[in-house]
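Encoded as structure tokens, the structure appears first; notes follow it.
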Amino acid sequence: MQPDVNPFVYSRPLAPEEIIDRDQETETLLRHAIGGHFARLFAPRKFGKTSLLRRALADGHAKHGLTPVLVDLYRVSSIADVTVRFERAYSRALKGPLRARVEEFLQRTGIGLSLGAYGISAKLQMESRFDPLPALHALLDLPLTLNERGGRRAFIAIDEFQDIARIPDLDGLIRSHIQLHGDVASYVFAGSEPGMMKQLFEDRDRPLYGSAVPQRLLRLADEDIAAYVSERFHDTGRSVGEALNPLLATALGHPQRAMLMAHRLWEEVDQGETGAIEHWNAAHTATLAELDAEFDARWRGFDSSEQKTMRAVIAGHGSPYRAEVIRRLALTKSMIRRALPRLTATAEIETVDGAHVVVDPLFAEWIAGIETE
Ligand SMILES: Nc1ncnc2c1ncn2[C@@H]1O[C@H](COP(=O)(O)OP(=O)(O)OP(=O)(O)O)[C@@H](O)[C@H]1O
Ligand SMILES: [Mg+2]
């Protein structure tokens, strides 16, 4: 008998064949890549950026022969960090004869780069005064080497790109290389902080201004989540039953929240059983309990006008300026006007069809619970 394994993954990026929908987003990214255009992908945390990038890279490789490279810049804070991340990315990406050729090229530069275990990070650890900058220049130029002798176009996805904004002049340095790569590499820059991404790409004074086509990753459609959840319940000898609708109504298309609740619900329904409202209630309570500490920390990170503005957005169903809400929360319009852009810049709140919406539906529920405490 097959082991009874929970099929809903919510804590890491998904394998390309495991993701719900995103066909169109993948196509768009590939179209830009093949056309030699650079793209920037924006979505709040946990909307499936990394999963989509992996899918696009895999398809780009399988269908169009692109050389896929995924660089993760999560929390980089120095040139040395960025250099290590690029080196590791190429080390993971390259295989076979191409890897051998690149390794030989890197060795020949004599600056300590290697796709093997003793690359730049070993060098940085051993020599405290080592300057990583020449190595970063060499890595940023690797697409030119990959493309030599009739090689293929590289498809380079840089994840958590907004984190470079904290390193002075790095966007200028990156631009100075990639602007020469139109024929050899396509880039997609993904980021989860709209404020930072905007600064990097929409400020006229920044080097990357206007250099990449924007693409926003939206919520998933209820019918796509429904089909996925039902199918996986079915494949593991269960039926999701009437527990499905409250799950969809609570997740509001948020990809990670939908998967998290599906995971918890699956735990409640035994093999051979059908999901009922009691199962849903238990799963829902378990989910909120699991997130309580995280939400509490997030809440404490807000100042008082941000807290009140979050509450006003929820209480006003998208319109925080309603008179009775403002009065009850002892808010002023100018406090809201100042807090909203900050909350939008960090993707706590997004604007959908003119209304303000809390991005994370479970956080919204937790906040609404404060009212009744
Ligand atoms: N298209 C999708 N289909 C199903 N689940 C998804 C999808 N996109 C995201 N998820 C869910 O969200 C979780 C996080 O996905 P992923 O790591 O790709 O998102 P992310 O936006 O890169 O997150 P982070 O902000 O942490 O980097 C996955 O484990 C999965 O549960
Ligand atoms: Mg990610």
Worksheet item: Using the membrane-span-like helix rule (whole DSSP H runs, Cα extent along the own axis of at least 18 Å, mean Kyte-Doolittle hydropathy at least 1.0), which helices of the chain qualify?
Response: none
Worksheet item: Under 5 Å between amide H atoms, partner at least 5 residues away or on a different chain: which partners does ARG216 have, H built in plane at 1.01 Å?
Response: PHE42
Practice prompt. Enumerate the amide H contacts of ALA154 below 5 Å, restricted to partners 5 or more residues apart or on another chain; note that Pro and chain-start residues carry no placed amide H.
Written response: THR67, ALA185, SER186
Worksheet item: Given charges of +1 on the Cβ of Lys and Arg and -1 on the Cβ of Asp and Glu, with all other atoms neutral, how large is the dipole of the chain about its Cα centre, in debye to the nearest 20?
Response: 1460
Discussion item. At a 10 Å Cβ-Cβ cut-off, how would you order THR26, THR109, fewest neighbours first?
Written reply: THR109, THR26
Worksheet item: Where the centroid of each part is defined by its Cα atoms, how far is the range 236-293 from the range 179-195 in Å?
Response: 37
Practice prompt. Counting helices only, and only those DSSP H runs with n ≥ 4, report the 222 nm mean residue ellipticity of the chain as the sum of -39,500 (n - 2.57) divided by its residues, in deg cm²/dmol to the nearest 500.
Written response: -16500 deg cm²/dmol
Worksheet item: Which of the listed residues, VAL84, ALA135, THR250, is farthest toward the dipole's positive end in the chain, when Lys, Arg count +1 and Asp, Glu count -1 at the beta-carbon?
Response: ALA135
Item to complete: Find which of LEU173, TYR228, VAL213 sits farthest along the positive direction of the dipole of the chain, computed with +1 on the beta-carbon of Lys and Arg, -1 on that of Asp and Glu, about the Cα centre.
Response: LEU173
Response to the item:
With R₀ set to 51 angstrom, the calculated FRET efficiency between the beta-carbons of LYS333 and ARG152, to the nearest 0.05, is 0.35
Fill in: the range 222-297, relative contact order [Cα under 8 Å, separation at least 6], %
32
Worksheet item: Which of rounded, prolate, oblate describes the range 301-372, given a ≥ b ≥ c as roots of the alpha-carbon gyration tensor eigenvalues and a/c under 1.5 marking rounded, otherwise prolate only if a/b is larger than b/c?
Response: rounded
Worksheet item: What relative contact order, as a whole-number percentage, does the range 1-89 give when Cα pairs under 8 Å and 6 or more residues apart are counted?
Response: 24
Item to complete: Post the alpha-carbon centroid distance, the range 1-63 to the range 151-174, in whole angstrom.
Response: 19
Fill in: Under-5 Å amide H pairs with ALA190, H placed in peptide plane, nonlocal only
LEU41, ILE158, ASP159, GLU160, PHE161
Worksheet item: With charges set only on the Cβ (+1 for Lys and Arg, -1 for Asp and Glu), what does the dipole of the range 53-96 come to about its Cα centre, in debye to the nearest 20?
Response: 160
Discussion item. Straight-line reach from LYS198: which lysines fall under 30 Å, measuring Cα to Cα and dropping same-chain residues less than 8 apart?
Written reply: LYS46, LYS49, LYS308, LYS333
Fill in: Mean separation of Cα contacts under 8 Å, 6 or more apart, over the residue count of the range 22-216: relative contact order %
33
Practice prompt. Would you tally the net charge around ASN281, using a Cβ to Cβ cut-off of less than 12 Å, leaving ASN281 out, and scoring K and R as +1, D and E as -1?
Written response: -2
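Every number in this text was worked out from the coordinates using simple rules, so none of it is lab data. Keep in mind the model is a prediction, meaning the values are calculated, not measured. So basically every Cβ, Gly included, is an ideal-geometry build from the backbone, and we count neighbours across all protein chains shown.
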